[in-house]
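A short write-up of the structure that comes next.
The values are calculated or read from the model by the stated rules, or taken from the named source; none is laboratory data. All values reported here derive from a predicted model rather than from experimental measurement. Glycine gets a Cβ as well: all are built from the backbone with ideal geometry, and neighbour counts include every protein chain shown. Remember, those area values only see protein heavy atoms, side chains included, never the ligands or the DNA or RNA. Shrake-Rupley method; radii C 1.70, N 1.55, O 1.52, S 1.80 Å.
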Amino acid sequence: MKLLGIHHITAIASDPQRNVDFYTQTLGLRLVKRTVNFDDPSSYHFYFGDGIGKPGTVITFFPWPDARRGTRGSSQVVATSLAIPSGSLNYWSDHLKEHGISVENISRFDEQGLRFPDPDGLLLELIASPQSDDIDLKFHSAVPNEFVLRGFHAPTLQLQDSAPTAKVLVETLGFKLSAEEGSRRRFSLNGESTSAQLDLVERPDDPHGHIAAGTVHHIAFRTPSDEEQLKWREKLVDLGFAVSPVMDREYFHSIYFREPGGILFEIATEGPGFTIDEPAEHLGENLKLPKHFEAHRSEIEKALPPISFK
Ligand code: ZN
């Protein structure tokens, strides 16, 4: 039973149009699914990723038009990090500046990167990495192929006390401590994939963040099958975690639990994937609804803010 890496990261946005424009036009990702929040169909759920929305590349948003801005702090994923090919830092730095974004240079575990906020203040990092995950580039990106984002790189999880979280990562979820730099510790599921890593940072005096626009809602890890997911569920329940039942998210199946530091973790299956309800060439072009919402499609569409897609 082994987790394969990060599956997706879900964050909160405010203006849906601005969110779509930023992640497709500025960051060059593909909108691979346009659907609604299954727990609240009056709001969109957007999934952005590589050409097919391969697990490990997917960042998703609940855009709530009137959402207030949250605050970053402890018990949160405080930086969402994505890999870029080595040699593409200058391209990205210039490209982001052309879009009016102020960029900070960062250096981490011998790699260089850029840090900047998205339009809602979500902290993003692009880390230039010589090893990159195998992603699907067969889509029209606003960014040249050679520079397209290569899926997640180690995101940063901030905690007041990182020991209990580290213990769960290592003793329960199968991570290994792979590097340490000041108060930052890197944990890996395997050494080959940038999206199989995360960093814990301990900040004892930093208050808890408040989750709203511009903050991460949860982080999901990948399991290859429904069978393994059930075994994970059993194992977590036995350890005393309050774990959700398996939820059908249409494109994958999910269980959720809160790690001891308070961050919401999800374990999601690799499949069935985003091509289950529309062909790969047309991903994201139409609003897709799960079957039980189809009968209410016209009311749902009427309630959603209109959006234009470039
Ligand atoms: Zn999720």
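At 222 nm, what helix-only mean residue ellipticity would the chain give, in deg cm²/dmol to the nearest 500, using -39500 (n - 2.57) for each DSSP H run of four or more?
On the way: 6 runs with 45 residues, N = 310.
Computed mean residue ellipticity for the chain: -4000 deg cm²/dmol.
Here's the list of lysines a cross-link from Lys33 could span, going by alpha-carbon distance under 30 Å and ignoring same-chain residues fewer than 8 apart: Lys2, Lys54, Lys97, Lys138, Lys231, Lys288, Lys291, Lys302, Lys310.
Mind giving me the FRET efficiency for His210 and Ile300? R0 is 30 Å, r the Cβ-Cβ distance, nearest 0.05 is fine.
Once rounded, the FRET efficiency stands at 0.55.
Figure legend: label point modelled 7 angstrom from the Cα of Gln160 along Cα→Cβ; residues of region 175-203 with amide N under 12 Å from it are 203.
How much of the accessible area of region 53-164, in percent, comes from carbon and sulfur atoms when a 1.4 Å probe is used? The nonpolar share, carbon plus sulfur, comes to 46 percent. What the chain shows is 42 Å² of accessible area per residue, with the surface traced by a 1.4 Å probe over protein heavy atoms.
Counting only Cβ charges, +1 for Lys and Arg and -1 for Asp and Glu, the dipole size of the chain around its Cα centre is about 200 debye.
Ranking Met247, Met1 by solvent-accessible area of protein heavy atoms (1.4 Å probe, all protein chains present), from largest to smallest, gives Met1, Met247. Computed over Cα pairs, the Kirkwood radius of region 160-252 leads via Stokes-Einstein (0.692 mPa s, 37 °C) to a diffusion coefficient of 212 µm² per second. Distance between the pseudo-spin-label points of Asp226 and Val170 (7 Å out from Cα toward the beta carbon): 3.6 nm.
Can you tell me how region 1-48 classifies by the Cα gyration tensor, rounded, prolate or oblate, using a/c under 1.5 as the rounded cut? Show your work: numbers first, answer last.
Details: a/c = 2.45, a/b = 1.30, b/c = 1.89.
Oblate is the answer for region 1-48, as a/c is 1.5 or above yet b/c matches or exceeds a/b.
Per residue, the convex hull around the alpha carbon atoms of the chain comes to 125 Å³.
Taken along the Cα-to-beta-carbon direction at a fixed 7 Å, the label points for Thr71 and Glu146 span 4.5 nm. Report the FRET efficiency, 1/(1 + (r/R0)^6), for Ser102 and Val237, where r is their Cβ-Cβ distance and R0 is 45 Å, rounded to 0.05. The calculated FRET efficiency here is 0.45.
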